[in-house]
Each structure stands twice: as C-alpha cells, then as structure tokens.
Amino acid sequence: MTWTSDQIATLVTPGRVDRRVYTDPELFELELERVYYRSWIFLGHESQAKKPGDFFTTRIARHRLIVVRHTDGKLYAFYNRCSHRGAEVCAEPAGNVRKFTCPYHAWSYGTDGRVIGIPLIEAYEGLRPRREDFRLEQIQQLDSYRGFIFGSLRPTALGLRESIGDSTLVAFDNMIDRAPDGEIEIAGGRTIQRYQANWKFQIENSIDLLHPRILHNNVVEAIGGDVPTDPDGMPAPDIDFLSGNGISFKAWNDIQLEALPGGHCSMGSFLRKKDPTESLAADDRLAFIGQDRYRSDLVARHGLEKAKEVLGFNRHNTIIYPNLFINPRLQQIRYLVPTAVDRTEQHGFVFRYKGAPEEMFHVAIRILNAANSPASLVTTDDHEVFDRMQETLTNGDLPWVDWSRGLHTERAKEFGRIAEGTNEMPMRNQFREWVRLMRADA
Amino acid sequence: MSLKIERRPSEEIEQFLFAEARLLDERQFIEWAELFTDDGLYWVPATWDQANGESHVSLIHERKPVLRIRVKRLIHEGTVAQWPVSRTQHHLTNISEQASSSDEVKVSCSLLFTEFRRSDQRIFSADVRYNLWRTAEGLRIARKEVRLINAEAESGHLRLSIPF
C-alpha cells in the first residue's frame, strides 16, 4: 500500500502505536526520506578533519558520505561515489588526500569536489563543456555547532541551531566546558553494535528508566554489591558504572525527564553522589587517578562557581531526534544507522577532553566498551529483547504497542514537558515528532 | 628472506589450551575465568592492528576481577541474550611456541570459533596469543589476546556472548 498522510496519522494515538511503525518496509522507506533525510544528522566532529585534505567517511542511513576539509579551510560533505559509474571514490575510513581518484576509470576530484581529471575526456560525447556538472555531489546542507558537524541530504525546514534547540545544545557546551583546555577531540576508535530490529527501539530504550532495574538486574547481581579494585587501586570504573543499574525503582523514578520540541529529550544523571551539595564532586561517582588535579584545573579555567555548574550538570543521556545520543559525563556520543526496517547499527565514540588526565579518557573508553561494545554486559540483553519484539510485531501477534505509562502525570514547562523517570513521556514525544515529519508530503 | 620457524610447544601446554577451550564449550565459565592470574588480561581488540586497549575501544578488554563478573552474568538466569544458550566449538590449530622460560610460556594458535544459537550458526576466525605463567597451582593465563580477522567489520557485530 501507499501510505497517505491521514493513514499515517491513525498509526499513533496518545497511549499506543500501531505495530507497523516498527515493521512495515514501505513506512521505513518513507521514514528515511521524511525523518532521516530532512533532519540534521550528526556526521562527526571537526577534530576528525583538522587540516586541509583531512577526511573521514560516515553514513546517513544507507548513504555513504565523505566529509573533507578543503585547502581554503572549508568543510565539504559529498556522497562517496564517482559521478561516472557510481563506484565508491574513497575506500578508507579516514586519512589525508590531495584528491579522490575513482579506481575504475580514474576520474579524479579535488577536496572541494571539483572535477580535476577525466582520462580520454574528448571521447565522452559532449562532456568537456559540462564537466562541472560531474563534480562530486554535495549533500544539501552542512553546518556545525562548536565543532559538532551536522548535515542533511534534503533541505530542512529549520537551521541547525533552531532545529536542535538551546535546551539540547547545552549538552555540547557541557562537553567542551569539561575540558580544562577548552578543546575536545574524538579519539580511540569506535564501537559498532548491530541488531536485527527497528531503529526506534534504541531511542526509546535509552530513555526507558523502568527497564534497567529489571532487565539489567543480572549484571547487578553478578557484581554482588562490591565493585572490584583495579591494579592501580581504583574502583573498576566500568563495573562501578554498571552497578548504577541497581539503584531502586524509587531512585530511577526520582530522575527527571525532559521532553523537548523536535522530538528531543533528556534525563538526569544516576551517577550522582548521595550528597549533591558536595561542592565539585556532585556528578563524580566515577573515580580516576588525577581527579583532584582535574577539578582544580577546571576551577582555574572557569572559576569555582562555573566549575561547580559544569561538573554538576545533571544530565545522563540527551537524545537528539532521530538518532543521536550525547553524554558529556561519559565523554560519549553514539548514533544510529538504520539500514532496513529490521536492521540497525549503533556507533559509539569517545571524546578526549584536552588538558584532562589521560586516566579520565581511559575510564571513558572502558565505559563505552562495557555498555556499547557488541560484547557489552548490558546492551546485549537490550538488543536480544529488541530482536524478539521485532519478530512478534512483524508476524502480527501484537497489533498495538502500549506507550501509556505516565500519560496523565507528565507536566508542561516553559521549554517543553517534564515527568518522573519511569514515565514514557519521551517516547510519546518522539512519536509526536515522527507523525509531524511523516505527514509532511514530499 | 629467512623463514621464521617456531617450535611446537610441549604436550602439557597443548593440552592446557585444549582444556581451556573445553571449559568454554562446556559452559564452565566460572572455572574458565579462574584460569587467569589475579590481574590476568582477556583482550579482544576492536581492530586488527590495535596497539593497546587502554586508549582505544575494544570488543573486550578486561582483567580477571571484571572477567569474573562477565561470566557470572553470562550464567545468570536473567541473561536473555542466552535464552536459549549458545552452543560453541573452539577449534585450535597451528599451535606454536614463541618463547619460554622457567616461569612463562608464550604460545599462539589459530582459532576457528563456531557458535550455534536459535536457528543461526556463525564462524569467527582469529589469531590467538597467550602468555602463560607457571604457578604453584599450575599453568595460568596472564594474557589472552584474540585477534579476530573481522574485528572491525564495517557494519559491526551482532551480540557476542561466549568468550572466544
């Protein structure tokens, strides 16, 4: 069937959604076009392309892109394919080049996408006068916020800042503020987890604060209360982090959720010390060697009051719709790459906060490994559940998916809406945005 | 060109590696973790040529105290990633010894790891390197490094539960 705007509207009600939003291949194709290609999607960080010729490749859903810094210092984002026959022009994930040359017939392109050379150009009928038409195709929009690079494949209704919004951009600000030198860089590779289910399960799960105490009770019991000690005498930070799943239902519920315009949302931290008034240590349950020096360096940079604010920033996940997770305390960004209605990849990256002790970076690496490696001690269980939901919903055993938890207890605020931790308000907010985007006809 | 010819390790070392693999295939995970020295490291790099696991992400980079928690979780009844459990076979070949002293042996092998779960069977291939220590309790693993040939698969890996 071809989905009309009115039919799409019937798929989402305030307290439940039709199973087909997760399973219908045609709806998925519409989602790519209307949700993924018309939104600002995170492409990377400027630290991945500092000097002229520096490039990295990335993806928006199925599309392979190159982001490269040209000799004039400007960033460009292209589809990674030759304008001649469509072969990939760049096979490396990152590096530095003077030009991109297609391996097939040696068409070559500058780092601004301009055609540099086409062997035997005169033999191609009428090509020489039109050679400029054969430049590497740029994506429609490219912009960045304080070094975080976003792009979109189609024109977007709003600019980058307006689309993401100030209440969400603060998560990026906080990352930079946590660096004693005021600079951050992506470093240490990436984790890639794959699961055989719809992309939306992950953006819902990452803000579902009822499930950790239940689904992840296995790791809490395996830890058994005592966080083991590392060879350097510090508590194992990955295990300390995972033990946070074991806080009480009441503690999870006490975490505040925010639902923001544009489908974005955020949650408070669950890593705070018991006494949040404890000056600089409010959000520093995770310990590392050099922490005292780090704190005093931040005070030197910001002054005491601002440093308290920076370290006390009460946020765990901030989720930018449709696919980006930001976590300043864990120095982490993750994004989703949907490749089919039932195939999704989650890519995770760690930032090095310049001027901070290297041990702090090592802690961030360990936490990403523990939580988001394909061998994770927690998300392997989440993804098993996603795959099982996908099977059930695909074969039609469950026609409607319930999203009614806390429907009548969410509250309006000047910036959006708030609710207690176990409320499903953020998922309803995601679906409101989904319907809005999906109903905008091509 | 000089071809590097290594030695076949003693039967004791070979049988130790087979016994270790058997513990995994028989799901004796708690006993498997106990084969490591107190700070023993189990490392599955996220890229083929990865230099270290401290400043680069890994699939797994854990010392014994964390490994113990990993295996306790693996056999926990609430671990849905193991409903039903995986069935595995570790196939070890090309076992050779790089160095040995009275208290340490460095040995490597090629590993074919086959896993069956629900309706899917999959295969991993790896270059595995061990540092084994001779202790009063017998041979112990001070370091086990598993270099998967598809470590950095472009589209990632489906969940990895059973140790290689």
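The values are calculated or read from the model by the stated rules, or taken from the named source; none is laboratory data. Computed from a predicted structure; not experimentally measured. Virtual Cβ from ideal backbone geometry, glycine too; neighbours counted across all protein chains shown.
From the list B:Ser101, B:Ser86, B:Ser119, B:Ser55, the lone residue that is free of Cβ contacts under 8 Å to residues at least 40 places away in the same chain and closer than 28 Å to A:Arg388 by Cβ is B:Ser119. A:Thr57 meets the stated requirement of being under 30 Å from A:Tyr124 (Cβ atoms), in contact with a strand residue (DSSP E or B) (Cβ under 7 Å, 6 or more places away or on another chain) and of a type in the set (S, T, N, Q).
So is A:Ala187 part of a strand (DSSP E or B), within 14 Å of chain B (Cβ to nearest Cβ), over 24 Å from A:Phe28 (Cα atoms) and not charged (D, E, K, R) or not? So A:Ala187 fits the description; yes.
Of the listed requirements (1) closer than 19 Å to A:Ile320 by Cβ; (2) surrounded by fewer than 22 Cβ atoms within 10 Å (Cβ to Cβ); (3) hydrophobic (A, V, I, L, M, F, W, C), A:Trp199 misses just one: (2). Is it true that B:Thr135 is out of contact with any helix residue (DSSP H, G or I) (no Cβ under 9 Å at 6 or more places or on another chain) and within 20 Å of B:Asp39 (Cβ to Cβ)? Considered against the rule, which asks whether it is out of contact with any helix residue (DSSP H, G or I) (no Cβ under 9 Å at 6 or more places or on another chain) and within 20 Å of B:Asp39 (Cβ to Cβ), B:Thr135 comes out as yes. Mind checking which pairs have a first residue in the stretch A:368-396 that is without any contact (Cβ under 8 Å) to a residue 24 or more places away in the chain and a second that is part of a helix (DSSP H, G or I), Cβ under 6 Å, 6 or more apart or different chains? That search, which allows pairs on different chains as well, returns A:Thr380/B:Ala81; A:Glu384/B:Val80; A:Glu384/B:Ala81. B:Phe164 passes every criterion in (1) within 22 Å of B:Glu12 (Cα to Cα); (2) away from chain A (no Cβ under 11 Å) apart from (2).
The residues listed here are B:Arg134, B:Arg129, B:Arg118; of these, the one that is facing chain A (nearest Cβ under 10 Å) and either within 22 Å of B:Ala46 (Cα to Cα) or not aromatic (Phe, Trp, Tyr) (or both) is B:Arg118.
For the stretch A:393-405, what are the residues that are assigned to a loop (DSSP other than H, G, I, E, B) and in contact with a strand residue (DSSP E or B) (Cβ under 9 Å, 6 or more places away or on another chain)? Of everything in the stretch A:393-405, those that are assigned to a loop (DSSP other than H, G, I, E, B) and in contact with a strand residue (DSSP E or B) (Cβ under 9 Å, 6 or more places away or on another chain) turn out to be A:Pro399, A:Trp403, A:Ser404.
Quick check on A:Ile247: is it farther than 29 Å from A:Thr57 by Cβ, more than 10 Å from chain B (Cβ to nearest Cβ), β-branched (Val, Ile, Thr) and out of contact with any strand residue (DSSP E or B) (no Cβ under 6 Å at 6 or more places or on another chain)? Yes; evaluated as a whole, the condition is true for this residue. Listed conditions (1) buried (at least 20 other Cβ atoms within 10 Å of the Cβ); (2) closer than 24 Å to A:Met360 by Cα; (3) at the interface with chain A (Cβ under 9 Å from one of its Cβ atoms); (4) in contact with a helix residue (DSSP H, G or I) (Cβ under 6 Å, 6 or more places away or on another chain) are all met by B:Arg63, apart from (4). For the stretch A:76-89, the criterion of being at pLDDT 95 or above, β-branched (Val, Ile, Thr) and assigned to a loop (DSSP other than H, G, I, E, B) is met by at least one residue.
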